[in-house]
Amino acid sequence: MIKLISQMRYAGDLMSFLKNLVSPLGPVWSGSGFENLPDLERFERRVFRNKNVLDLLLAFALELLPAKQVGLLLGTDRTGAPFLPPDQWDRGIMHKFAAPGVAGWVWKRFGNFIVRYRGLSPVRLYRENQFGDWQAADGIISFVLRKHQDFYRQGIKILIIDNLPELFSSDDPAHDEQGLFADANMFSYNGGVFNTLPGLRINTRIVRQFRAKNFVCAYIPDYGAIVFNTVNSEILERRDNGFLDEPLLMRRLNMLIASVEMASLAYLGHARGRPASRLIWRKEKHLRKTAQELLSKEEALHTQREYLRAVGAVNEQQINMPPMIVADGVYAFIDMAGSAVIRQKLPPEDYFYILNLCHQISADNAGRYFCRVDNFIGDSVFLVNASPFDGDTTGMSVDISERVMLMIMALASFYREIHQLCQGSHPLDEHGRVPEMIDKLDTPISFRAGMDIGPAMIGPLGSHQRKIVTAIGKAVNQASRLESSGVKYGIHISDRLMKSIRGARITPDTHLIRRAVSGSGRDHDRNLEEAGFPEFFRSVFGIQGDLFEKRENASYKEFTQKISYVINCHPAR
């Protein structure tokens, strides 16, 4: 042993010594036959039965990416213990080596001693600066071991740098003052695409010591990293901004990722006692955290889908649906009263500012009460609640009575927020611009609404390039006419709809009403639920005075309604 080390020392260069060992054997690679890849399925069968998991991984990796050396680094702290939580790692220790030919025998038996003797192991993850603060250490291996958290968010990444000979000279301005580190651009592969990863610094001592021409490194979950020194140049041969045989290289790297994932799991089976229990608990905590994050994302996606549905978005099935007659639809129109006067008094920027806020409020309340904005038409809004747009929102059937109650509550909530907007207390108008505009206008901002029920045709409408799914029919026209002949802060309805509202009740089956009210944060007396919808509605929105106002011979142009009613929704009433 002493004689061997003495030879290496006097040789002055470790790689020259190894080169002399392997030179009688001829070239390490034949330069052909690289399309013959190792059997990943066979590796999978063996890795979970083999006690020497890491040796098996090294052998497979060396066959997959033939290189001068392949090594494994164990992530640990000053104790050198395995199976430590990655966030406790402060160094990487060279653990195992593999290489072809006689050099492989030398590296396997004396590799750890050699790298320690040359000061290349351990690899520090952090260093202390002149002020006594700890900061990230330069070097690719340090970078890989520090970025262990990325594995759980993005999976295993493989780093490739293939221009190492260019870094040999310390005269390059990219080097630091001591010439120990140099800036390097590299490729990052995530299992699907190659990306450039600029701005990293590489340890030139390691490059010179191993006479490296290229370098490949990948994180091994809960263990450390695997590194390749000088992979065969034919495999990493460059072309323009990519690799010459990129599909084959991607196949090799995907197999490496798969083998690393298998080996890391198999290696965890060697944990015993307290390290094993800590490891299991660490994995369990991560699984719980991941499950919670998935639930949160699912909830956020559900909320997003609900909002998109509320503002008129449709899915592929709806945009391709055949037009149909829907009998259970509820339709409503909201329109700004006196908008012509307001348009004349306000500059376009201010007018659109107010109008967009009002439309946003209508969309928010449509979503809150499980309705849908069919379309924005100038300063008016067309709202729909019909079965083709239920999707997976309801989870069960919704009868016409509940659809009516939902639409009324959406309109009343809209009125309440418009009143807040005018008073300067709505969160969408943080700086109170709307009340200032109203003072200059000397004209109040208010809306009318009309709604009706009945059969209508629903289907895709538009050109080949642009379509919406909308409702057309008598009930839609009736709702529009009722709005036009309505009153400010009121919902104008027909006599037929009024009879339906008087008999409506909140029951255990009206699950959407309950969900909407509980989610709005509004308080109400639950005993009023048995009293029927009118009293429930009055309680939720704090309506004072008469809730319903009878009208006779309401008309607008050619439209006339002999008997109709207005639901008073003004917050001040």
A student applying the Cα gyration tensor rule (rounded when a/c is under 1.5; otherwise prolate if a/b is larger than b/c, oblate if not) would label region 179-228 oblate
For residue 157, counting only lysines whose alpha-carbon sits under 29 Å away and dropping same-chain residues fewer than eight positions off, the answer is 51, 68, 96, 108, 147, 213, 283, 285, 289, 297
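What is the sum of charges around residue 271, taking Lys and Arg as +1, Asp and Glu as -1, for the other residues whose C-beta is under 15 Å from the C-beta of residue 271?
In short, +4.
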If amide H atoms are modeled at 1.01 Å from N in the peptide plane, then the residues at a separation of 5 or more from residue 506, or on another chain, having amide H under 5 Å from its own are 532, 533
Within the under-14-Å Cβ sphere about residue 478, not counting residue 478, Lys/Arg +1 and Asp/Glu -1 give a net charge of +1
Computed over region 28-124, the relative contact order (Cα-Cα under 8 Å, seq sep at least six) in percent reads 22 percent
Relative contact order in percent for region 311-568 (Cα pairs under 8 Å, 6+ apart) equals 22 percent
Taking a ≥ b ≥ c as the square roots of the eigenvalues of the Cα gyration tensor, with a/c under 1.5 meaning rounded and otherwise prolate when a/b exceeds b/c and oblate if not, region 311-568 is rounded
Output ordering of 231-242, 398-409 (per-residue mean of other Cβ within 10 Å, highest first) is 398-409, 231-242
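Could you give the dipole magnitude of region 311-568 about its Cα centre, charging the beta-carbon of Lys and Arg +1 and that of Asp and Glu -1, in debye to the nearest 20?
Details: 27 positive and 31 negative charges, 113 e Å.
Using Cβ point charges on Lys, Arg, Asp and Glu, region 311-568 gives about 540 debye.
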Cross-link reach from residue 562 to lysines, straight Cα distance under 30 Å and at least 8 residues apart if same chain, gives 474, 488, 499, 550
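The numbers here are math on the coordinates, done by the rules we state, and not lab data. As the structure is a computational prediction, the values presented were derived from the model and not from experiment. Cβ atoms come from the backbone with ideal geometry, glycine included; neighbour counts cover every protein chain shown.
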